[in-house]
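Here the structure is laid out as structure tokens; the discussion comes afterwards.
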Amino acid sequence: MPNVKSQVPDELFGQAKNAERRGDFQAAINLYSQAIAIDPKDVNAYNNRGLAYIKLENYDQAIEDFAQAIALDSTIALDPEEVLYYNNRGNAHNGLQNYDQARKDGKKARDLGKREL
């Protein structure tokens, strides 16, 4: 019997991606939030929801989601996705004109990227 818990987030991700393609970022956020409620350790859901928040210029919420993705991902041995999360959070800080923090996140992403080579 298939694991229903793992299927539900996959279905929600598909629906969220469709909402993003339609430009309905609020619907995508709601769907990613549902996926997070099912699996609060789903770093991809936090990252994708953060990207949707950026599209709505809700940078504070995006920063929180990227920070959560980084925190969850740091429990795993160096993951290439962690570079992405720092880069995305830097972009959100840039949107808030927090340029010092944006540079710090960009530097962290670059440093992590070099370690992966």
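Label-to-label distance for ASP111 and ASP39 is 3.0 nm, based on points extended 7 Å past Cα in the beta-carbon direction.
For region 4-116, averaging the sequence separation of C-alpha pairs within contact (under 8 Å, six or more residues apart) and dividing by the residue count gives a relative contact order of 18 percent.
In region 4-116, Rg over Rh equals 0.99, where Rg is the alpha-carbon radius of gyration and Rh the Kirkwood radius from pairwise Cα distances. Going down the list LYS41/LYS108; LYS55/LYS107; LYS17/LYS114; LYS17/LYS41, which pairs span over 26 Å between their C-alpha atoms? In this structure, LYS17/LYS114 lie more than 26 Å apart at Cα.
Each reported figure results from applying straightforward, stated rules to the coordinates on display, with no laboratory input. The structure presented is a predicted model; accordingly, all values stated were derived computationally and were not measured. Here Cβ is always computed from backbone atoms with ideal geometry, including for glycine, and neighbour counts include all displayed protein chains.
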